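Reviewing the structure listed below.
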Amino acid sequence: MKAATSDSRPTAGQPGTPAQPMRFDLTVIASWIKPGSKVLDLGCGEGDLLYHLKQSKGVDGTGIEMVEAKVLRGIEKGLTVLQGNITEEVQDYADNTFDYVILSQTLQQVYAPAQLLNTLLQIGRQVVVSFPNFSHWKNRWQICAQGRAPVSKQLPFEWYNTPNIRVISIADFQRFIKKMGWRIRRETAINTDHHDQHGNVVRLLPNLRATYGIFLLEKR
Amino acid sequence: MSEYAARDSDGVSVGIVEKKFHTFAAKSEDLLVLESGARLGPVTVAYETYGELAPERDNAVLVLHALSGDSHVAGYYGKGDAKPGWWENMVGPGKGLDTDRYFVICTSILGSCGGTTGPCSPNPATGKPYGLDFPVVTVGDMVAVQHRLLQILGITRLLGVIGGSLGGMQALEWSLRYPDQVAGVIALATTMRHSALAIAFNEIARQAIMADPNWRHGHYYEGPKPDTGLAVARMIGHVTYLSDEALRRKFGRRLQEKKDFSFQFDIDFQVESYLRHQGHKFVERFDANSFLYVTKAADYFDLERRGGVSSAVEAFAAAQASFLVVSFTSDWLYPTYQSRELVRALKKNGLDVSFCEIKADCGHDAFLIPNQRLSRLIANFLERVQRENRQPGQTP
């Protein structure tokens, strides 16, 4: 986004398709969403996923995003976006307001994940969760061989500045869902390239080889 | 608000515009019934329009002005005009409210002094200005008058209503009073109800007017006017529209044309000089009684009690429009938490609502100051509402 002062006049009607292809995990998530459904995207950024879902599947979407500049970009694309904190904003919706609630690559930053997911499973019929897989072999290697907290493309922070307060592996997440008594309707593990825009589905040893886990949850 | 009216930095303008008038409720059986139960008539509405109404009559946007504004949103009345309308930066060709696309309408509000009937209009019973015999009006009454005008103009459905501050209250009122006649609502720097703080400042301002010996219980039109009281009222109001940051940046503790204190009670600080100047300018264009009526209407506005409801959530059950709510970080008159309460009520009703808190250090008045982010936001929101409300088969 250009600085506000150097901008030309507002140009309506140029929603600005994403210049780069969408993140691969979002492409996988998009493939799970049924056309015409009602979607809430938490931490929607500039609204790439919602814009794609609206254009290609006629989805009725709402996004929640914390950062003002990203909220503005989302609304400018013709999306419905609310600026706010995820944990607070999800409290205002009635049960089953949405067909899908999407929490992509945010769970690792949530203070009370069980509480949040419980709310999401109330306001949405199904919940899509994606997160970076902490137990990827490269991370394991850094811990085991170098004795260092892992820093990778998916987890690009040092211990002192990471916003990722939850360390989640695919195996841990599966256990957690079972313990909470929820149901995994669908799951996919993916391995992405350096820019996260291309990737492939990992079927063999996902907890070791996948960079991201993506789950479709519902209440029993 | 006219203190922000300035020529467009790129020289783009709607050009020469004309203030028009329409009078209704002239017959005794046709009087306008106000929320208080009082009957009023005849009622004259002053209004201006910009752009062209589409043959489908589906591109009309109603701009709602705030406390001290009027129908003159943009453009100039004549070539000699020094200043354009109060929202010149937002309304015009290619701007946030693009007059090449939309038919923009603005009326002066009921009870004010911009040409629409108010306390300075002649009372048909006496032939003299109403003064305090003018009935107390509400935001709902202002909106009812706007609705009557739109009926005359043949507009049965608005693409959008947009306003900041008291204008935002009118926009919200529109969405509840005529829910099937508004597609999009843009509410800027506004609130569902005044806080005690906001009422307190309005009351101090009203007291300043009423304490002026020239006020004479509102019957001053044939003699000297309560200029001192009105100027002080404006000074109070103006401070609440700014912010600590804005005042610090603009004035700090700088002295006005002197090196040291005067040790007297004339102007020492620049901020004092600025406020006195704002006050004096205001009395030239505003009526003291109108100030009383319009601030009272703002204080009475309360969506949480509107029409006998017990909560804002209940109030918005009637609404159907899409909403864009914008607050500004340094607005301490209607702080962001009040916009968030509005957003929450809209969400709980399953309404389509977008919300953004824009970083701005200039306080409540931020919505009046040129801001490309705000202009783009408004332009794109309206464009979406228009796209989604277009009947199938219409040309895009």
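Of note:
- From least to most packed, judged by other beta carbons within 10 angstrom and beginning with the fewest, A:F157, B:F381, B:F134, B:F251 follow the order A:F157, B:F251, B:F134, B:F381.
- Footprinting exposure proxy ranking of B:F103, B:F323, fewest other C-beta atoms within 10 angstrom first, gives B:F103, B:F323.
- In Å, descending, principal axis extents of the Cα set of region B:39-167: 47, 36, 25
- Long-range HN-HN contacts of A:Q105 with modeled amide H, under 5 Å: A:S130, A:F131
- What the pair-distance distribution of chain A shows, using all Cα-Cα distances binned every 5 Å from zero, is 1, 7, 14, 18, 20, 17, 12, 7, 3, 1, 0, 0 percent.
- In chain B, a dipole from Cβ-located charges (positive for Lys and Arg, negative for Asp and Glu) runs towards its positive end, and of B:L31, B:G78, B:G237 it is B:G237 whose Cα lies farthest in that direction.
- Förster radius 22 Å - calculated FRET efficiency between B:E304 and B:R157 (Cβ-Cβ, nearest 0.05): 0.20
- Residue mean of other protein chain beta carbons inside 10 Å, A:80-88: 5
- Here the Gaussian network model covers chain B, with springs between Cα atoms less than 10 Å apart; of B:E222, B:E203, B:E173, B:E222 fluctuates the most.
- For region A:57-144, the relative contact order works out to 25 percent when only alpha carbon pairs closer than 8 Å and six or more residues apart are counted.
- Extent of the protein assembly as shown along its three principal axes (Cα atoms, max minus min coordinate, largest first): 92, 67, 46 Å.
- B:N123/B:R57 FRET efficiency (R0 30 Å; Cβ-Cβ; nearest 0.05): 0.25
- Whole-Å distance, taken between Cα centres, linking region B:1-45 and region B:177-200: 19 Å
- Adding -39500 (n - 2.57) for every DSSP H run of four residues or longer, then dividing by how many residues the protein assembly as shown holds, sets the calculated 222 nm ellipticity at -9000 deg cm²/dmol.
- Selection from B:S68, A:V128, B:L324, by position along the positive dipole direction of the protein assembly as shown (Cβ): A:V128
- Straight-line reach from B:K27: taking Cα to Cα under 20 Å and skipping same-chain neighbours fewer than 8 places apart, the aspartates and glutamates in range are B:E35, B:D133, B:D141.
- Entries of B:K79/B:K258; A:K38/A:K153; A:K153/A:K219; A:K178/B:K348; B:K20/B:K225 with Cα pairs more than 29 Å apart: B:K79/B:K258; A:K38/A:K153; A:K153/A:K219; A:K178/B:K348
- Peptide B:348-358, shielding by other chains (average Cβ, 10 Å cutoff): 5
- Counting Cβ atoms of other protein chains within 10 Å of each Cβ in B:365-378 and taking the mean gives 3.
- Cα centroid separation, region A:189-213 to region A:23-98: 24 Å.
- Spacing of the two label points (7 Å from each Cα toward its C-beta) at B:L247 and B:D8, in nm: 3.5 nm
- Relative contact order (percent, whole number), chain B, Cα cutoff 8 Å, 6+ residue spacing: 17 percent
- Relative contact order for region B:252-396, counting Cα pairs under 8 Å that sit 6 or more residues apart, in percent: 15 percent
- Residues of region B:251-279 with amide N under 19 Å of a point placed 7 Å along Cα→Cβ from B:L197: none
- Dipole of region B:39-145 [Lys/Arg +1, Asp/Glu -1 at C-beta], most positive-end residue of B:T107, B:L40, B:P55: B:L40
- Square roots of 5 times each gyration tensor eigenvalue, C-alpha, region B:131-273, largest first, Å: 38, 23, 12
- Comparing Cα centroids, region B:101-133 and region B:271-333 end up 18 angstrom apart.
No lab work stands behind these numbers, since they all come straight from the coordinates. Values in this document were obtained by computation on a predicted structure and should not be read as measured data. Heads up, the Cβs are rebuilt from the backbone with ideal geometry, glycines too, and the neighbour counts pull from every protein chain shown.
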